[in-house]
1. List the residue pairs whose Cβ atoms are under 6 Å apart, where the first residue sits in segment 60-79 and is in a helix (DSSP H, G or I), the second is acidic (Asp, Glu) and at pLDDT below 95, and the two are 6 or more positions apart or on different chains.
2. Please find, within segment 175-185, the residue that is farthest from residue 147 (Cα to Cα) out of those that are more than 14 Å from the ligand (Cβ to nearest atom) and crowded, with 21+ Cβ neighbours inside 10 Å.
3. For segment 122-174, how many residues are near the ligand (Cβ under 10 Å from one of its atoms), of a type in the set (D, E, K, R) and touching a residue at least 24 places away in the same chain (Cβ under 8 Å)?
4. Quick one: in segment 102-116, of everything that is closer than 22 Å to residue 150 by Cβ and touching a Lys or Arg at 6+ places or on another chain (Cβ under 8 Å), which residue is nearest to the ligand (Cβ to nearest atom)?
5. Kindly indicate the residue of segment 81-101 that is assigned to a loop (DSSP other than H, G, I, E, B) and near the ligand (Cβ under 10 Å from one of its atoms) and also farthest from residue 181 (Cα to Cα) among those meeting that condition.
6. Does any residue in segment 92-103 that is among the hydroxyl-bearing types (Ser, Thr, Tyr) come within less than 7 Å, Cβ to Cβ, of a residue that is within 7 Å of the ligand (Cβ to nearest atom) six or more places away or on a different chain, and which pairs are these?
7. Is at least one residue of segment 53-71 buried (at least 24 other Cβ atoms within 10 Å of the Cβ), at pLDDT 95 or above and out of contact with any helix residue (DSSP H, G or I) (no Cβ under 6 Å at 6 or more places or on another chain)?
8. Just one of (1) closer than 20 Å to residue 19 by Cβ; (2) buried (at least 24 other Cβ atoms within 10 Å of the Cβ) trips up residue 102, so point out which.
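The values are calculated or read from the model by the stated rules, or taken from the named source; none is laboratory data. In this text, all values refer to a predicted model and were calculated from it rather than measured experimentally. Positions of Cβ are backbone-derived with ideal geometry, glycine not excepted, and every protein chain shown enters the neighbour counts.
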Amino acid sequence: MATEADKGPGCAPGVAEYSDAWQDIMIEAAGRLGIDLPRAKARLFARHGRELALWNRKINLTAVSDPVQVACRHFADSVAALKYLRAGGKVLDLGSGGGFPGLPLKIMRPEIDLVLVDGSGKKVNFIKHVIRTLGLDNTRALHARAEEMAADHRWQGHFDHVVCRALGTVVQVASLALPLLAPEGRLLIWKAGRWQEKEADFTPGGDGSRFTIAVGATVLEAVSHPYRLPGGSDSRQIVELMRRKA
Ligand code: SAH
């Protein structure tokens, strides 16, 4: 009897597609963002993608089921921030869901010390499973709400970077992330489309890509780094925020 793994390309999304051919697509997608993805890392992405497809049958991890779209919309999009992530350090992925963007960034930069947090226990179980399956070290998944973490003195000021995709508005994410960031820490937020218009307290800077944003009493300086998602023409931005120097 044919199993899921025997089916060829074009079948219902499953696990067979996370093959060498998928890795080739992944390597090409990363290349379009100027990122050199070694085969060994593409293999780890494929393993993550395969587990995502398997677990997504039981728990809602992603609405994206086509493996090529998973390569572009999840993995390539996650690593698009690589050049804004300074070497080493402690990184928090806030509202990580199926492990994005945290796990692909960790695969690319094994030296980072990564914490992934999500308010959904099921999603955290998935992330823990992927961490074990991929054998990632210095990587922890926590089942908590971001608000609880931000109020916990053990985590306050702890992170050199907070990364966050699809959790809320820039101001909402910045209010949650700010207490968790070290004084010189940076927040990276993934955004699509004309997101600025939906934000309050947003002051554009001179060249359109720089602006300031007020979060309570704190003023953050921000730079928006635009890119195009591989496999389509969707325009995206990584918004990089840091406390304004006194
Ligand atoms: N970052 C992932 C998931 C985005 S969906 C991606 O880009 O694919 C948003 C995720 O944030 C969900 O998994 C949800 O459970 C989690 N979440 C929402 N509000 C949260 C909060 N206040 N604290 C922690 N996790 C939260």
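1. Qualifying pairs under 6 Å: 67/17.
2. 185
3. Here the count works out to 5.
4. Only one residue fits best here, namely 116.
5. Filtering segment 81-101 for residues that are assigned to a loop (DSSP other than H, G, I, E, B) and near the ligand (Cβ under 10 Å from one of its atoms), the one farthest from residue 181 (Cα to Cα) comes out as 98.
6. Between residues of segment 92-103 that are among the hydroxyl-bearing types (Ser, Thr, Tyr) and residues that are within 7 Å of the ligand (Cβ to nearest atom), the close pairs are 96/117; 96/118.
7. Looking through segment 53-71, none of the residues is buried (at least 24 other Cβ atoms within 10 Å of the Cβ), at pLDDT 95 or above and out of contact with any helix residue (DSSP H, G or I) (no Cβ under 6 Å at 6 or more places or on another chain).
8. (1)
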